[in-house]
Amino acid sequence: MKLLLIDAGNTRIKWKWHAGGGLSDGGVVVHRGVEPHDWLAALPQAATAPASIWISNVAGAAVEQALGDWAIERHGLRPRFVQAPAAACGITNSYAHPETLGVDRWLGMVGAWKRTQGALLVVAAGTAFTVDVVDATGHHRGGWIVPGYDLMVDALLGRTAGIAGAVARAPAQSLGAFGCNSAAAVELGACHALAAAVERAYDRLAADVGIAPKLFLGGGDAARIAPLLGVPAALEPDLVLEGLAIFAMEA
């Protein structure tokens, strides 16, 4: 049974196929600021239709509509848009209204739990920077959402004339962890702030559960953050799609 799995984030859409032996044959396309006709053309055009199409979407109603129409027109299938449940696949949702937890966050935890089945953190360094913690029993203990790297930089440059002007005058120059001009100070400040948030969450969870948790890091800006961390982290770019595959197989 061949499944098509799609992860629609705030900026990018990723996809993989699943045929029982893991994920394969993936791709990615940027949709933010791009006309739907253009990014839809990049989606998989397999000669044979999948058995089903499963979608994690946090990009809003317009993207959901476009993906739904595309699936029907291209593959003759109505896709399954997943929402975070109260509990499934080993994870218990901490939200009183479980469907309001971002489905990408929940699926990332499902993917991580399948690998570890112990205390863990899932960090997604995307447009929004999210941190979610899970204890050794699979209970989601909640998480954090902060602006991601680009949002931090854009907000700072958009509301500070002096810093924005200085950044525009010279490319980034740094000395180790610190910027020697405004461009580098902004870039490094954002990266280190995000890394510090991860380390703080890691330390708090470790203190709560009494053991060192596993840390999974993904998202488009994961490579910016990973080298700055003082705690061990596994770079896992496909946790959402892995969790989506697990959920689809158990549904």
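Total residues in segment 120-136 satisfying the condition of being over 12 Å from W106 (Cα atoms) and of a type outside the set (G, A, S): the figure is 4.
Where helices (runs of 4 or more DSSP H) sit wholly within segment 137-251, those with at least 1 residues that are closer than 21 Å to R105 by Cα and at pLDDT 95 or above occupy 149-158, 182-209, 222-225, 239-250.
Checked against (1) more than 23 Å from D150 (Cβ to Cβ); (2) out of contact with any Pro (no Cβ under 9 Å at 6 or more places or on another chain); (3) of a type in the set (D, E, K, R), E99 passes all but condition (2).
Within the set D203, D150, D221, the sole residue that is touching a strand residue (DSSP E or B) at 6+ places or on another chain (Cβ under 7 Å) and of a type in the set (D, E) turns out to be D221. None of V123, V133 is in contact (Cβ under 8 Å) with a residue 40 or more places away in the chain, over 16 Å from G219 (Cβ atoms), assigned to a strand (DSSP E or B) and among the hydrophobic types (A, V, I, L, M, F, W, C) except V133. So which residues in segment 189-213 are surrounded by fewer than 18 Cβ atoms within 10 Å (Cβ to Cβ) and over 18 Å from V134 (Cβ atoms), if there are any at all? Hits for segment 189-213 are G189, H192, A193, A196.
For (1) in contact (Cβ under 8 Å) with a residue 40 or more places away in the chain; (2) surrounded by 15 or more Cβ atoms within 10 Å (Cβ to Cβ), each residue gets a yes or a no:
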position: G90; (1), (2): yes, yes
position: G111; (1), (2): yes, yes
position: H140; (1), (2): yes, yes
position: L151; (1), (2): no, yes
position: L156; (1), (2): no, yes
position: P171; (1), (2): no, no
position: A184; (1), (2): no, yes
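Checked against (1) assigned to a loop (DSSP other than H, G, I, E, B); (2) without any contact (Cβ under 8 Å) to a residue 24 or more places away in the chain; (3) small (G, A, S), S94 passes all but condition (2).
The set of residues in segment 1-13 being assigned to a strand (DSSP E or B) and either more than 16 Å from A71 (Cβ to Cβ) or out of contact with any strand residue (DSSP E or B) (no Cβ under 8 Å at 6 or more places or on another chain) (or both) consists of R12 alone.
The set of residues in segment 12-23 that are surrounded by fewer than 23 Cβ atoms within 10 Å (Cβ to Cβ), at pLDDT 95 or above and farther than 17 Å from T48 by Cβ comprises R12, K14. On the given criteria, is G90 modelled with pLDDT of 95 or more and not assigned by TED's automatic domain parsing to the domain that holds G22? For G90, the condition - modelled with pLDDT of 95 or more and not assigned by TED's automatic domain parsing to the domain that holds G22 - is met.
Checked against the criterion of being touching a Gly at 6+ places or on another chain (Cβ under 9 Å), assigned to a helix (DSSP H, G or I) and among the aliphatic types (A, V, I, L, M), the candidates A84, A112, A71, A59 yield just one match: A112. Each residue in segment 29-69 was checked for being over 17 Å from F81 (Cβ atoms) and surrounded by 15 or more Cβ atoms within 10 Å (Cβ to Cβ), and 4 of them qualify.
Test A164 against the stated conditions and say whether it is out of contact with any Asp or Glu (no Cβ under 7 Å at 6 or more places or on another chain) and among the small types (G, A, S).
Numbers: out of contact with any Asp or Glu (no Cβ under 7 Å at 6 or more places or on another chain): yes; among the small types (G, A, S): yes.
Criteria met by A164.
The values are calculated or read from the model by the stated rules, or taken from the named source; none is laboratory data. Not measured: the values here are computed from a predicted model. Because the Cβ atoms are built from the backbone with ideal geometry, glycine has one as well, and the counts that use them run over all protein chains shown.
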